[in-house]
1. If the limit is 28 Å between Cα atoms, which of 65/335; 244/335; 166/211; 169/335; 59/391 go over it?
2. Any idea what the relative contact order of the range 264-393 is, in percent, if you count C-alpha pairs under 8 Å spaced at least 6 apart?
3. Mean residue ellipticity at 222 nm from the helices of the chain, using -39,500 (n - 2.57) per DSSP H segment of n ≥ 4 over the full residue count, to the nearest 500 deg cm²/dmol?
4. Per residue, what accessible area does the chain have, given a 1.4 Å probe and all protein chains present, in Å²?
5. Can you bin the range 99-217 into rounded, prolate or oblate? Criterion: square roots of the alpha carbon gyration tensor eigenvalues sorted a ≥ b ≥ c, rounded for a/c under 1.5, prolate for a/b above b/c, oblate for the rest.
6. Which of the peptides 235-242, 295-302 is most tightly packed, and how do the rest follow, judged by the mean count of other Cβ atoms within 10 Å per residue?
7. Using the alpha-carbon centroid of each, what span in Å lies between the range 1-80 and the range 93-139?
8. Run the numbers for residue 68 and residue 172: contour at 0.36 nm per residue of separation, minus the present Cα-Cα distance, in nm.
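The values are calculated or read from the model by the stated rules, or taken from the named source; none is laboratory data. Values in this document were obtained by computation on a predicted structure and should not be read as measured data. Virtual Cβ from ideal backbone geometry, glycine too; neighbours counted across all protein chains shown. Remember, those area values only see protein heavy atoms, side chains included, never the ligands or the DNA or RNA. Shrake-Rupley method; radii C 1.70, N 1.55, O 1.52, S 1.80 Å.
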Amino acid sequence: MTSHEYMEEAEKVLLHTYNRFQLVLDKGDGVKLYDVDGKEYLDFAAGIAVFALGYNNKKFNDALKAQIDKLIHTSNLYYNVPAINAAKKLAKATGFDRVFFTNSGTEAIEGAIKIARKYAYLKDGNTDHEIIAMEHSFHGRSLGALSVTGNAHYQEPFKPLIGGIKFAKFNDIDSVKSLVNEKTCAIIFETVQGEGGIYPATEEFVKEIRKLCDEKDIVMICDEIQCGMGRTGKMFAFEHYGIKPDVIAVAKALGCGVPVGAFVSNEKIASAMVPGDHGTTYGGNPLATAAVNVVFDLFEEYNILENVNEVSKYLEERLDEVVAEFDNVEARRGKGLMQGLIVTTPVGDIVKKCISNGLLIISAGSDVLRLVPPLIITREDVDKMIDILKKSL
Ligand SMILES: *Cc1c(COP(=O)(O)O)cnc(C)c1O
């Protein structure tokens, strides 16, 4: 079948929750993707900041194939070796104590909300605790995660959502402070806002939140689902700020395409949870955690962090050149290989133009071109991307 025929079939059977771009992807290799008609694309989207290691990596594929032949699923009624090893690696990489594996980012957020509420409940026995989240945030689509997502358009038709959520202005510590009271059990924010338009948290904001949470014994939750796993040049973006949150949510690049997420907590907050408080049938199954294990191994083997820091400097230079050259590109924001260009002409049109010219790039918010490439990209890939981007602009 041709792309066109596949897309017609798709629109008959898939629930219409996306206006998809007009291509049907078939296979990938490194930073290249190919559609079913054989057209090649340079990928600066990585399946929304997921496929950090690039496509069709032999070591990654072999590790998964070996696990498939051994054991795919156990449930959490029993121990399994890949999950134990993956939890050790994730705890070590984050510097946290305890890991709960989930199947997605949104579920990692659900867990982070539950652990914070349970911690507060054990202190005072109350069941009316509040959470402070940020405007323009994105934490996922399940009802709990949607409740802390600062986007009225996403929330409105699905109300009532979970109660006790207040929204502060991101990077405005006074706005957060004005919402804190004795019921506040958690403050949640993305260390670098992704969907909202690539806004890194400021140093002052993060440090002041840490101070506030220490003073009032509030659980500080950082959503590292998009900005974590090396994307900003540190393994986790919170490391840029010289502080540690209490709980973080991880997903996206954690399994490099195999659906897996996690919430990770320090011992103090983790000790609130006891058997029966939370669970999942699939979460942390041997196949998903085999992916996590090989991802951490390959990050080390390929010196991914070094590459991100090296290439992202060059990417920033080249993007700044685009800002200087094009009237409809106003500014650049971002950290590492999580970059945004603020544009003044419709961002969707630019994305479509890039796709037809063989570059996959995505948007964030209403006016930001988002670049979240695989973390293995080279300077040559950046040059190729810039050529196509300039042509498309
Ligand atoms: C993608 C994303 C989520 C949701 O993850 P899913 O796996 O799509 O459920 C949550 N928070 C942030 C910051 C994200 O980028």
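1. Working: 65/335 34 Å; 244/335 19 Å; 166/211 19 Å; 169/335 20 Å; 59/391 36 Å.
Over 28 Å apart, Cα to Cα: 65/335; 59/391.
2. For the range 264-393, the relative contact order is 21 percent.
3. -12000 deg cm²/dmol
4. 45
5. rounded
6. 235-242, 295-302
7. 29
8. The residue 68-residue 172 span can extend by a further 32.7 nm.
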